[in-house]
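Scroll down for the structure; my scribbles are underneath it.
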Amino acid sequence: MDHTNLYIDGEWRNAASGERFDVINPATEEVIASVASADIADADAALDAAEAASALWAARKPRERSEILRKAWELMTARLDQFARLITLENGKARADAMGEAAYAAEFFRWFSEEAVRADGLVTHAPSSGARIIVQHKPAGIAVLVTPWNYPAAMGTRKIAPALAAGCPVIIKPASETPLTMLALMPLLEEAGVPKGLVNVLPSRRSGKLVDHMLHDPRVRVISFTGSTEVGRKLLHSAADQVLKPAMELGGNAPLIVFEDADIDKAVSGAMLAKMRNLGEACTAANRFYVHEAVSAEFISKFTAAMAALKMGNGSDEGIDVGPLVNAATRDKVAAFVEDAVAKGARIELGGTIPNGKGYFYPPTVLSNVPENADCVDDEIFGPVAAIQSFNDQEDVIRRANDTEYGLVAYVFSEDMRRAMQVCERLEYGMVGLNRGLVSDPAAPFGGVKQSGLGREGGHEGMMEFMETQYISAEW
Ligand code: NAD
């Protein structure tokens, strides 16, 4: 825990107010660090630093920006273990999940080091006027980045890397539950050659006030947020005052559909990944399982066996598959979803009871026969609970899958490619996993439709979220 202060203008500073807050290890409920809590004066200092760094960074050649990002990837890749340990300590996720996250987080630096030199443009003839149309992309300006606790490293690098590639300075506010990983990344970025003031980190227990203040500073041009739809909506309201460029990665309610022609073993492994990666604390986590009646008994039996084989415990210990949830409130919310579903007629195939002892643990849980009116069918569970329903009609399952205000990701399992593709195209989701339980990839555009968000992260699109398009109408 070397770095627990604010990181502003390349320096470690106490909060101007002197205020601090505790970070808790969810496996032991012990305080592991006391972190400086930023307020308005600190935000102003970070904005000054970002403004001072802005012009020089935007003027650096794309190749130079690219090489610094590439170096950040190399350095992080060499220290995955160190980052994974810290992620587990503050978030609770098991070691393998944390290593997966650290590697995924590092990949954004590599991907955007490659994208930094590919900001394309266009020169063409106007069809009628005889003028030339010249279209080019420019850095949008200072970006405020707000990230959640479920991926303390990756949700940050997924925004920092494209912003730097595009030429923008950033101020990042990590989640108060998990600020340490983002702080620990800063010495690495310095070593990679990121100039001072370009990346600033402001943990805070006064997120609402702090972020709102920054969104009303005329120097800020972009708000990129990952978190709940509820907070995203608030930030969109704040962003409207200065007409900021918003990128919103919000909540999900992912359906996972298993057709009667699916390869059931493949569907079970896909479902395990879609449900249990990160302990279900993922916006991409499968939330509603729809399994065709003809294969439902086989799927439930094999899936329950796979869930039962997972070993729960302190994520820092060897051989643990499932750590604790991030805090008591999250665990209690998961327990309430299970109680509600059972009261309405669901059957518990596995789990369903909070264990005694320290730590915010909730066991892998399988519910079958979940009724349509259960709360977990409408809301994100964000925990290790698989809620299984059955279906017998393709049109009906498409209707049920689309019957939500969310539209982040859906999963489809079928060996009939013609049918599978027809179903995928009718799903109102930004992403679909077809015979796969994992869609996240730095090289692909991640994001949702409807109330799951605006904009895309990763892929070619990710960098464009931090760029403005300029069109010049020219004659010569
Ligand atoms: P959250 O919305 O409570 O918090 C997210 C971040 O916003 C945190 O840094 C928090 O401190 C900050 N925040 C909270 N209130 C704020 C306010 N009024 N103004 C400004 N900032 C504020 O979400 P969470 O509980 O940390 O994360 C879980 C949610 O994130 C889930 O809904 C999940 O689906 C979503 N999520 C989405 C994606 C995606 O890419 N779509 C990825 C991960 C998580």
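The values are calculated or read from the model by the stated rules, or taken from the named source; none is laboratory data. Because the structure is predicted, anything quoted here is derived from the model rather than measured. Cβ coordinates were reconstructed from backbone atoms using ideal geometry, including for glycine residues, and neighbour counts include every protein chain displayed.
A Cβ distance below 6 Å, combined with a sequence gap of six or more or placement on separate chains, defines the contacts here; from region 259-270, residues that are without any contact (Cβ under 8 Å) to a residue 12 or more places away in the chain reach no residue that is part of a helix (DSSP H, G or I) and surrounded by 15 or more Cβ atoms within 10 Å (Cβ to Cβ). Is it true that residue 420 is closer than 20 Å to residue 436 by Cβ and either of a type in the set (Val, Ile, Thr) or at pLDDT 95 or above (or both)? Taking the combined requirement at face value, the residue satisfies it.
Filtering 209, 234, 196, 173 for residues that are in contact (Cβ under 8 Å) with a residue 24 or more places away in the chain and more than 10 Å from the ligand (Cβ to nearest atom) leaves a single hit, 196. Looking only at residues that are in a strand (DSSP E or B), among the hydrophobic types (A, V, I, L, M, F, W, C) and over 17 Å from the mean Cα position of the chain (by Cα) in region 249-279, which one is nearest to residue 98 (Cα to Cα)? This residue is 256. The helices (runs of 4 or more DSSP H) located wholly in region 114-224 that include 3 or more residues which are of a type outside the set (Ser, Thr, Tyr) and closer than 19 Å to residue 455 by Cβ occupy 154-166, 207-215. Among all positions in region 237-248, there is at least one residue which is within 14 Å of the chain's Cα centre (by Cα) and either among the aliphatic types (A, V, I, L, M) or within 10 Å of the ligand (Cβ to nearest atom) (or both). If you check 457, 465, 425, 415 for being touching a residue at least 24 places away in the same chain (Cβ under 8 Å) and surrounded by fewer than 16 Cβ atoms within 10 Å (Cβ to Cβ), only one passes: 415. Applying a threshold of 6 Å to beta carbon distances and a minimum spacing of six or more residues, or different chains, the list of pairs starting in region 336-350 at a residue that is of a type in the set (Phe, Trp, Tyr) and ending at one that is not in a helix (DSSP H, G or I) reads 337/381. The one condition from (1) buried (at least 22 other Cβ atoms within 10 Å of the Cβ); (2) under 21 Å from the mean Cα position of the chain (by Cα) that residue 291 does not meet is (2).
Of all residues in region 49-72, those satisfying the criterion of being without any contact (Cβ under 8 Å) to a residue 24 or more places away in the chain, in a helix (DSSP H, G or I) and under 24 Å from residue 219 (Cα atoms) are 55, 59. Of the strands (runs of 3 or more DSSP E) lying entirely inside region 1-46, those containing at least 3 residues that are in contact with a strand residue (DSSP E or B) (Cβ under 9 Å, 6 or more places away or on another chain) and surrounded by 16 or more Cβ atoms within 10 Å (Cβ to Cβ) are 6-8, 20-25, 30-36. Meeting the requirement of 2 or more residues that are in contact with a helix residue (DSSP H, G or I) (Cβ under 6 Å, 6 or more places away or on another chain), closer than 18 Å to residue 277 by Cβ and among the hydroxyl-bearing types (Ser, Thr, Tyr), no helices (runs of 4 or more DSSP H) wholly within region 317-416 can be named.
Hey, can you tell me all the residues within region 441-476 that are more than 30 Å from residue 133 (Cα to Cα) and among the β-branched types (Val, Ile, Thr)? Once the filter is applied, which keeps residues that are more than 30 Å from residue 133 (Cα to Cα) and among the β-branched types (Val, Ile, Thr), region 441-476 yields only 449.
The residues in region 348-390 that are under 24 Å from residue 94 (Cα atoms) and either surrounded by fewer than 16 Cβ atoms within 10 Å (Cβ to Cβ) or of a type in the set (A, V, I, L, M, F, W, C) (or both) can be counted, and the count is 15.
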